[in-house]
Amino acid sequence: MSYRRSVKRWSSMGIVELIWAALSFFGLWFVSRSPRMLLFGLPAFVVLTAIPVMAISGRSATNQSQVRKTYERAAIAAAKAEDHESSELWCRKLLTLDPNNEDARFRLAVAINASGDETRAKPLFDQLAPAKGAGYPPAHFYLAVRLIEEGEQTSPEELRKAVWHLNKVLDQQPENLEAQSLLAHVQMARGDQEAAAEILEQMVVVKPELHLTLAGMYTQLGRDQTAEQHASQARLHFQHLREQDPENVSHLLRLAEAHAVSKQFREAETLLLEQRQKNLDVEAVSSELVALAILEVDLELKKEQPNWPLVVSLLERSLEVPPLYSVVFPRIALVVGRFQGEKADDLRNILEEALADGRAPAVCHLLLGTALGDAGKFDEAIQHLEAARKVHPRSPIILNNLASFLKQTKPPQLETALEHANLAVKQAPKSPEILETRGQILAALGRDEDALPDLEAALQLETVPTEVHQTLSRVYTRLGQDTLADRHRQRAEKQSK
């Protein structure tokens, strides 16, 4: 047989046939050689035998690696598509190749948990994040996030567990910024500002924008010198970013906040007003101006003798951004509350003087109307609130107070009150104060089923007025729900004592 024909014949063989032919050849060679010749030829035999074995083993390892990558890509794609059943399947296939693959076990646990089967997922997570030992960091982080995100309000015990899981992550990955950031957030939620600040101090080297957060935290902790140091660093950082990217309004807003933390209100105000005058990012800048105004109002109201013209001017600005009604409501109440009884005339003089100067007409009328209404002078109150409404016809605070006092006139102007209340709810659909006003009007009209959800929303108020419980008791009685009626009546009586 020629060499060329021999090569052609061998190349057409399959790998199994090739191995079998090689073994047959070497078997004949063994029995046909003397022991001395066999000894000299043994090294060559070992090498020639190892070549096909290594080729098969190498090809098998390569194939397994490719299969593993295919399974991993399929599992990730299924998870992104929220196809939890497929994700579980691909993760189980991965584990047949490598039962100790922690990432595959973690993805499997997540897929099962996401499908709603927490009972099956729990033992998997218990193995990945055991009570004793280090555990798998991504599993600890996932469980911490779940504890924080589940439900509307996280309990103290859930927050404690989240801290434990995040500390487990940081024990193994001390530079993990995600875990550090989340841990700081959890500590703030627990009310431990010191612990949160300590974490952020470690992060600020790589995330200098956190100087602003730290400045605010140290201000709350009463550590003014440290707060000012961070505020100064924040101003330098955001000024630098603004110079690099002048069109980025976020840098401008953060720079203004850094000025505000240092009580440099006029500097912050100037930055924001200049931006708004350019008709750029008007909504974001206006919201920041209101936040700035409220911060300054709060500082003034803490003083024995506030700068009342300044307070009035700042509150006037606050009425310009309807979505921020929730922060303005309590400040209006605080101002009016400072002038009860004998001091009522003092407020009237301050506001009437401001009106005469043409300063802050809407808020002056709002404050005067609210104070007069609280004193039972409903007709005068309505006149002032109507004047305020002409300036800000969509202000939910003005509409709400107007509706409330129209309900209390003699005789009550319920239909007109309801029109204003509906407009207020349209502007501020989630405000418990505004929903309570409409609920009271609907109950007075005898529309109990419509009144009920609004009145129940008022139970979310930090301090629930006695009148809410009284009205709910009457509404439940008329609806034939005596048990609930009794409970609200008892609460009203308890609050009245």
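The values are calculated or read from the model by the stated rules, or taken from the named source; none is laboratory data. These figures come from a predicted structure and were not determined experimentally. Positions of Cβ are backbone-derived with ideal geometry, glycine not excepted, and every protein chain shown enters the neighbour counts. Quick note on the areas: whole protein, heavy atoms, side chains included, nothing else; ligands and nucleic acids left out. Shrake-Rupley method; radii C 1.70, N 1.55, O 1.52, S 1.80 Å.
Odds and ends about this structure:
- Test: residue in the stretch 423-435 that is more than 34 Å from the chain's Cα centre (by Cα) and on the phi < 0 side of the Ramachandran plot: no
- Selection within the stretch 354-376 - loosely packed, with under 15 Cβ neighbours inside 10 Å, farther than 24 Å from Val290 by Cα and modelled with pLDDT under 90: Ala356, Ala375
- Close pairs (9 angstrom Cβ cut-off, 6 or more residues apart or separate chains): outside any helix (DSSP H, G or I) in the stretch 473-497, surrounded by 14 or more Cβ atoms within 10 Å (Cβ to Cβ) anywhere: Leu479/Asp448; Leu479/Leu452; Leu479/Ala485; Gln481/Val475
Let's see how each residue does on (1) modelled with pLDDT of 85 or more; (2) open to solvent by 50 Å² or more (accessible area, probe 1.4 Å):
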site: Leu255; (1), (2): yes, no
site: Asn279; (1), (2): no, yes
site: Val282; (1), (2): no, yes
site: Glu288; (1), (2): yes, no
site: Ala293; (1), (2): yes, no
site: Gln305; (1), (2): yes, yes
site: Pro323; (1), (2): no, yes
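- Test for Ser181: is it closer than 21 Å to Phe238 by Cβ and not charged (D, E, K, R): yes
- The set of residues in the stretch 252-283 being within 18 Å of Gln239 (Cβ to Cβ) and among the polar types (S, T, N, Q) consists of Ser262, Gln264, Thr270, Gln275.
- Members of the stretch 62-109 that are charged (D, E, K, R), part of a helix (DSSP H, G or I) and farther than 18 Å from Leu128 by Cβ: Arg68, Lys69, Arg73, Lys80, Glu85, Lys93
- Inside the stretch 355-367, residues that are of a type outside the set (D, E, K, R) and farther than 14 Å from Leu319 by Cβ make up a count of 3.
- Of all residues making up the stretch 335-377, the number that are assigned to a helix (DSSP H, G or I) and touching an Asp or Glu at 6+ places or on another chain (Cβ under 7 Å): 4
- Selected residue (criterion: farthest from Gln460 (Cα to Cα)) from residues of the stretch 115-137 that are part of a helix (DSSP H, G or I), open to solvent by 50 Å² or more (accessible area, probe 1.4 Å) and not hydroxyl-bearing (Ser, Thr, Tyr): Gln127
- Residue match in the stretch 344-364 (condition: hydrophobic (A, V, I, L, M, F, W, C), closer than 30 Å to Thr477 by Cα and either in contact (Cβ under 8 Å) with a residue 24 or more places away in the chain or in contact with a Leu (Cβ under 9 Å, 6 or more places away or on another chain) (or both)): no
- Yes/no for Gln202 being of a type in the set (S, T, N, Q) and more than 20 Å from the chain's Cα centre (by Cα): yes
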